[in-house]
Amino acid sequence: MSPTATPSDRPAARRGARPTWVWAPRWLALTHRYLGVALGGLMLVWCLSGMVMLFVPYPSVSADERAAALPRIDWSHCCALEAAAASDAPVRSAEVEQLAETPVLRLSLEGGERRTVELTSGHSIEHVDARTAQAVAAAWGRPVVAVPVVRDQWTVSGEFNRARPFWRVRMADPAKTDIYVSQVTGEVVQRTTATGRALNWIGAVPHWLYPTLLRQNVKLWTQVVIWTSLAGTFLTLCGLYLGVLAWGRARDGKISPFRGLMAWHHLFGLAAGLLTLTWVASGLFSVNPWGFLESPGDDARSRLAGSAPRFADVAAGLGAAQASVPAVAQLKLAAFDGRPYLMAGDLRLDGAGQARPLTPADLKAAGSRLGAVAEQGMIASEDAYYFRHHEPVTLPAWRVVLSDGRRYYLDPRSGGLLAGLDGPARGFRWLHQGLHRLDIVPGLRRGPVWAAATLTLLAAVTAGVAIGVWLGVRRIGHDLSQFRRRSSSP
């Protein structure tokens, strides 16, 4: 919204009026113009890609989707549990499931050691080969070929580091589905389709500045996001300031002193400027710049689980479960208050393989282990801090609110921690999620009404940014032409 626009865009001259370029600092107008040209294209990409992201999430495979695709455990080839652990070490996590034709036990021991054990022999699996990966992927369709991958566009983030490298298995289906199977554990960790990949290249990838070349360098990517977001925030603040000043100079009942495209940029900038500022600033908060919303460590998960069970106790529970749940696809350790329970789907088993569902009294005692409780109880619907957007949530859930404001949500089936929010996390929920997704109004966190409203607002912001970029480019072209004429004149 530069007051030093081309002559056709300047306010009409009035007798006795001061020249229109006097009322704002020239350096600020020039800064807004040239920074707008430099950054406006990126902000335009953010707006357009944000429209795509309203409807197209980034590819992922949820734990429930992965579990649903697992075959039943073949107990006839199980279980050589006595050789599964080198010592009777404390166990942090354990799960039994089928890996192609072989039942396996995946262990995470205290101290960070992880291993995948073949239960027919008790030997550790060091590498999952291509044939096995294709057999695993067969639960999702008909595999064609497996290609080794360490990192690509859809596995670039740090959450995949534990499972690297992968087999990317192409499926023989019209969607051209790719299933990613970890070469370390044999788990399916990612699924993409041709349509999803294409739409994310115009959605999440440019919106998050997520191309592999940049995103694989976490420190560099974080700094790029921080400084481009800061520059975008400054650009928007400049535009708002200049726009308000210009609005105050309008005469003869007009709402803008400008004409042509400059007037449209002025009006769209004023109408959507605060919204633009909200989105750019909340995007900055998404990467928690300089630890602004950093949460300290929280041992809530371990307080709920209690002391880690010994491997011998876990092995005894797994052995008992063979008889009680012969037709199950997955068994997972769900330690609770120092005792090794197992989850077979929604069924909770004790060490003897007997069903032991949690009671409200058990959950209440678990909540008390988290701190001084102000309120706790079962919730059957979402609340302001625990809700679904693109990601599913488990309901019902046991909600625990502590006297210091911390909130925890427990799975009433297993007693495990579903979500936890301390002060910084609650701030992140409002300063990033609330402002960026515009889900601060209860009942308008998703759905067609939310999508239509957000799309309309994004369109207004996009129009203001696009007109500003065009005006800036046109003005720079005009300046360069004048410079060339002056340089060539005798």
Legend entry - Normalised alpha carbon radius of gyration of segment 342-389 [divisor 2.2 N^0.38 Å]: 1.47
Legend entry - Pair-distance profile P(r), taking every C-alpha pair of the chain, with 20 angstrom steps and integer %: 19, 43, 25, 11, 2
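So what's the back-of-envelope 222 nm ellipticity for the chain, counting only DSSP H runs of four-plus at -39500 (n - 2.57) apiece and dividing by all residues, rounded to 500? Working shown, then result.
On the way: 13 runs with 190 residues, N = 490.
After summing the helix terms and dividing by the residues of the chain, the value is -12500 deg cm²/dmol.
Please find the FRET efficiency linking Ser481 to Leu42, where r is the Cβ-Cβ separation and R0 is fixed at 41 Å, and quote it to the nearest 0.05.
Values: r = 26 Å, r/R0 = 0.63.
Once rounded, the FRET efficiency stands at 0.95.
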Inset, instruction - Could you grab the Rg to Rh ratio for segment 412-490? Cα atoms only, Kirkwood for Rh. - result: 1.39
Inset, instruction - Label segment 392-439 by shape, choosing from rounded, prolate and oblate, from the square roots a ≥ b ≥ c of the eigenvalues of the Cα gyration tensor; if a/c is under 1.5 it is rounded, and otherwise prolate applies when a/b is larger than b/c, oblate when it is not. - result: oblate
Inset, instruction - Provide the FRET efficiency to the nearest 0.05 for the Ala452-Arg474 pair, computing r from the beta carbons and using R0 = 30 Å. - result: 0.35
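Can you check what the net charge comes to around Leu242, using other residues whose Cβ is under 13 Å from the Cβ of Leu242 (Lys, Arg +1; Asp, Glu -1)? Provide the component values of the computation, followed by the final result.
Numbers: positive: Arg26, Arg33, Arg249; negative: none.
Residues close to Leu242 contribute a combined charge of +3.
State the extension gain, in nm to one decimal, for the chain segment bounded by Lys364 and His390, taking 0.36 nm per residue of separation less the distance between their alpha-carbons.
Numbers: separation 26, 0.36 × 26 = 9.36 nm, distance 3.01 nm.
Full extension of this stretch gives 6.3 nm more.
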Legend entry - Per-pair calculated FRET efficiency, R0 = 35 Å: Arg259 and Thr195 via Cβ, rounded to 0.05: 0.20
Inset, instruction - If a/c stays under 1.5 just call it rounded; otherwise compare a/b with b/c (prolate if a/b is bigger, oblate if not). Do that for segment 145-240, with a ≥ b ≥ c from the square roots of the Cα gyration tensor eigenvalues. - result: oblate
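If you add up the charges near Pro143, with Lys and Arg at +1 and Asp and Glu at -1, over every other residue whose beta carbon is less than 13 angstrom from its beta carbon, what do you get? Please report the intermediate quantities before stating the final value.
Numbers: positive: Arg131, Arg142, Arg168, Arg170, Lys176, Arg191; negative: Asp173, Asp178.
With Lys, Arg at +1 and Asp, Glu at -1, the net is +4.
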Inset, instruction - Starting from 0 in steps of 5 Å, tell me what percent of the Cα-Cα pairs of segment 230-381 lands in each bin. - result: 2, 7, 11, 10, 8, 7, 6, 6, 6, 6, 6, 6, 6, 5, 3, 2, 1, 0
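For every other residue with a beta carbon closer than 10 angstrom to the beta carbon of Thr192, add +1 if it is Lys or Arg and -1 if Asp or Glu, then tell me the sum. Could you put the intermediate results ahead of the total?
On the way: positive: Arg168, Lys176, Arg191, Arg197; negative: Asp152, Asp178.
In short, +2.
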Legend entry - DSSP-loop trypsin sites (Lys or Arg not before Pro) across segment 215-261, with at most 10 other Cβ within 10 angstrom: Arg251
Inset, instruction - State whether segment 89-139 is rounded, prolate or oblate according to the following rule on the C-alpha gyration tensor (a ≥ b ≥ c being the square roots of its eigenvalues): a/c under 1.5 gives rounded; otherwise a/b larger than b/c gives prolate, and the remaining case gives oblate. - result: prolate
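So what's Rg/Rh here for segment 293-381, counting alpha carbon atoms and using the Kirkwood radius for Rh? Working shown, then result.
Values: Rg = 15.1 Å, Rh = 14.6 Å.
Rg/Rh: 1.04.
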Legend entry - Spacing of the two label points (7 Å from each Cα toward its C-beta) at Ser307 and Met378, in nm: 3.2
Legend entry - Principal-axis tilt of helix 260-285 within the chain, Cα atoms, nearest 10 degrees: 30
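How much length is gained on full extension from Arg162 to Ile202, taking 0.36 nm per residue of separation minus their Cα-Cα distance? It would help to have the intermediate numbers written out before the result.
Working: separation 40, 0.36 × 40 = 14.40 nm, distance 2.82 nm.
That works out to 11.6 nm of additional length.
None of the figures in this text is laboratory data; all of them are computed from the coordinates on show. Since we're looking at a predicted model, the values are computed, not measured. Reconstructed Cβ throughout: ideal geometry from the backbone, glycine too, with neighbour counts over all protein chains shown.
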